[in-house]
Amino acid sequence: ISRHLVELMGGEIGVRSQPARGSTFWFTAALPAVATPQGHAAVPGRAGRALVFLPLGAARAALERMLVARGYVVEATGERAEAAERIAAKSPPASSYDLFVVDWDPRNTATEAATSVLLRALGPVRPGCILAAVAGGGSITEAMSAAGIDNIIAKPITGAALDAVLQPRLTAGRRSAA
């Protein structure tokens, strides 16, 4: 029943289970856009430009809608090669992005490697905020910190979690990589 309802809403459903740790059930749904939390319609581009690299289509689409509702102009892709092309097309690479959201799965070395390649492609000028979308949340690891990740956001991403992470970060503006 749940799978059928979620599919009718254009989403996906799944479960992650670990022995002795429990199970996490999740779903995504394509829901209509709503006004920003302040009750005002967002002005496209007011918050800046965002590049989103998330392989899971439903999660990527949901995050894109949330960012657009908050005033971002969003470029989103699930393909590492396409994200790298978009970064390379900018001059300098990161100068057009205020936010970069990347998929990070420490259990999947291929995803971690792809994300590291994209972060290196940004060059010395970094977007004001780089977020790692991590299944189940957690904290920034040494590898994330070395790659330049500012903060993490647990998947599935909610509007409230996105607001909590973005608000203090967006005031910093662009920064140089260490």
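Structure values in brief
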read-out: Pair list, Cβ < 9 Å and 6+ apart or interchain, from the range 140-161 residues that are without any contact (Cβ under 8 Å) to a residue 40 or more places away in the chain and assigned to a loop (DSSP other than H, G, I, E, B) to residues that are surrounded by 20 or more Cβ atoms within 10 Å (Cβ to Cβ) and among the small types (Gly, Ala, Ser); value: Ile140/Ala132; Asp150/Ala132
read-out: The range 122-139 residues that are more than 18 Å from Arg80 (Cβ to Cβ), paired with ones that are modelled with pLDDT under 65 and among the hydroxyl-bearing types (Ser, Thr, Tyr) (beta carbon under 7 Å, 6 or more apart); value: Pro124/Ser176; Val125/Ser95; Val125/Ser176; Arg126/Ser176
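The values are calculated or read from the model by the stated rules, or taken from the named source; none is laboratory data. Keep in mind the model is a prediction, meaning the values are calculated, not measured. We place every Cβ from the backbone using ideal geometry, glycine too, and count neighbours over all the protein chains shown.
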